[in-house]
Every structure is written in C-alpha cells, then in structure tokens.
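The values are calculated or read from the model by the stated rules, or taken from the named source; none is laboratory data. All figures in this text were calculated on a predicted structure; none of them were measured in a lab. Because the Cβ atoms are built from the backbone with ideal geometry, glycine has one as well, and the counts that use them run over all protein chains shown. SASA here: full protein model, heavy atoms, side chains in, ligands and nucleic acids out. Shrake-Rupley method; radii C 1.70, N 1.55, O 1.52, S 1.80 Å.
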Amino acid sequence: MKSVKLYGYATSPFVVKTACYLYYKGIDFTHVPVNPIDPDPVIGFTGQTQVPILEIDGAWRLESSQHAWWLDEVFPEKPLCPPEHDEKIRRLDHWVDYSFILGLYFRMVHDFDVDDLPEDYCRFARRAGVLVSSQTPLSDEDLDNWHLYSIKPHERLAFVKHMGRHLDLSESTADMQARVFGELVAHLGGGPYVGELDVPTMLDFSLFPNLVNYYLAGMQDDLSAAQHPAVKAWLKRVAAHLPVNPTLYNDEMLVHSLEEGLA
C-alpha cells in the first residue's frame, strides 16, 4: 500500500480540492496540518511555503490541479481527468482557479477598510481562526487578530497578497461574484456534471468543497449556493461520491451537515 500524505491547512480552497480528489478515488491518506503563519517547520523540506503539497511514497508535488493528473497516473481507477475530456477539463480548470476561487474567496478582502470591517466578515474570519487553531494551535494574539491578517497580508498571510495579484479590481466584488456564479450555472448546463459531462471529474471535486465547506464548518449560516435549483441538484449528485464529512476537519468541528444544507 502506498503512503499518501496531504499537507495543508483545512481552510485553504486549494487544499480542499486535493482532499476531495483523494476522497473520490477512495485513497487512504494522512492529512498533515500546516500552520499558515509558520509553515516552515512542517513543509520546509520543499523550500516553499505553498500548500497543498501531495506526497506519495516520498515523492511530492505542488499545485492542486496538477495533483489530479498525478493521482490518475498512480491510481488510474476512477479517473479525475478522463482522456477523452482532457481539453475541456484543462480549459475549465483555469476558470475554477482564476475566476471562481479568486473571485469568490479572495476578491472581497481587497475592498475592506481595516478600520471598518463588516461584522459578517469578522465573524467568518474568527471562526476560520478557531478552525485553523484546532489543528495547528495559534497564539491568543493571532487568534484575536485573525480577522485582520487577510486584510493586512504583509503582516501575516502573504499568500492572500500573492493571490490578489491575479485579480481584476476594476470590477466590483458584487458584480464579479454575480458573474462568476452565473458562469457556474452555465458550465453546468444540462448536467449532470460540470462541463455537461456524464461522469464526475476533477472540476466537480474542485468546485464542490469550495461551495459547501464553509457552511459545514460554521463560517456561513446557510448553504446559499443550494438556493439555485440546478446547483442544488448538482451538489447532491457530487455529494453522493464523497464521504458524509468531505472536509479535513474532525466531525466535532462541523456545525452543519450536507443533509441539512441540501434538504
């Protein structure tokens, strides 16, 4: 049996992609938590601070999307990237990372005034800090200031600043998020899976956790994506291929369930 390890923090939208690839394929793996403030003690062997890192029998690779193709090479059963759909998957994978994830999860922090942060965001960020601390304990100071670190990334979370370089700030956050969600619906089309493909692929398992995990872990009060009938039906189809808890959090850290959110 091969030794498989996934390094990263469970709040990362890219780490959860790789986790769902592994869950879908039914691969036993060890999640190695990484402290986003001080990752070097755990992942210093890479010479990088980037997560996720996937390690298989001592060999390791960066980049969540590349993990899908690598997993198909090593574990060909239940392919994430069927060769007959390779061109479409590669094209839409770029949209997932650079429009969906960046647009929905990194764009808004560039709008905030550090002296007047929305209460909803502060509550979201505080819960995120608690979740990070449950796996890699944070100091009281870091936990108290977690809601500030993504707004002032030069002080702590440099990756937020790095991701911001890829954003088009000429479009308002509200317009970007509405456009990106509309594009998601369009990419579902007639379904049953993203790209109107008849089998689930890495695209589905990249998008799915980034629509449900914040809700499951209590950072959001409702599963808003499920308000759209086509998206809700797709979420149910993808959920059927994953464990009841598709996150990297222990069960006791979950606040909601998929059954509740997709009822």
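Quick notes
- Qualifying positions in the stretch 39-65 - open to solvent by less than 80 Å² (accessible area, probe 1.4 Å), part of a loop (DSSP other than H, G, I, E, B) and of a type outside the set (A, V, I, L, M): Pro39, Gly47, Gln50, Pro52, Gly58
- Taking the stretch 220-238 as the range and being open to solvent by 20 Å² or more (accessible area, probe 1.4 Å) and either under 17 Å from the mean Cα position of the chain (by Cα) or of a type in the set (A, V, I, L, M, F, W, C) (or both) as the test, the residues that pass are Gln220, Ser224, Ala230, Ala233.
- Residue count for the stretch 240-256, restricted to those that are within 13 Å of Val212 (Cα to Cα) and open to solvent by 90 Å² or more (accessible area, probe 1.4 Å): 1.
- Check on Gly26, modelled with pLDDT of 95 or more and touching a Pro at 6+ places or on another chain (Cβ under 9 Å): no
- Looking across the stretch 67-108, the residues that are among the hydrophobic types (A, V, I, L, M, F, W, C), part of a helix (DSSP H, G or I) and closer than 21 Å to Leu184 by Cβ come down to Ala68, Ile89, Leu92, Trp95, Val96, Phe100, Ile101, Leu102, Leu104, Met108.
- Hey, Pro13 crowded, with 18+ Cβ neighbours inside 10 Å, within 26 Å of Thr136 (Cα to Cα), over 14 Å from the mean Cα position of the chain (by Cα) and not polar (S, T, N, Q) or not: no
- Residue match in the stretch 66-76 (condition: open to solvent by less than 40 Å² (accessible area, probe 1.4 Å) and polar (S, T, N, Q)): no
- Selection from the stretch 93-103 of residues that are open to solvent by less than 10 Å² (accessible area, probe 1.4 Å) and at pLDDT 95 or above: Val96
- Of residues in the stretch 1-10 being open to solvent by 10 Å² or more (accessible area, probe 1.4 Å) and closer than 14 Å to Phe75 by Cβ, the one modelled with the lowest pLDDT: Met1
- Tallying residues that are open to solvent by 10 Å² or more (accessible area, probe 1.4 Å) and part of a helix (DSSP H, G or I) within the stretch 182-194 yields 5.
- The numbered conditions (1) open to solvent by less than 20 Å² (accessible area, probe 1.4 Å); (2) in a helix (DSSP H, G or I); (3) closer than 17 Å to Pro200 by Cβ are all true for Cys122 except (3).
- With a requirement of 3 or more residues that are touching a residue at least 40 places away in the same chain (Cβ under 8 Å) and hydroxyl-bearing (Ser, Thr, Tyr), the helices (runs of 4 or more DSSP H) lying completely within the stretch 198-262 that satisfy it span 202-216.
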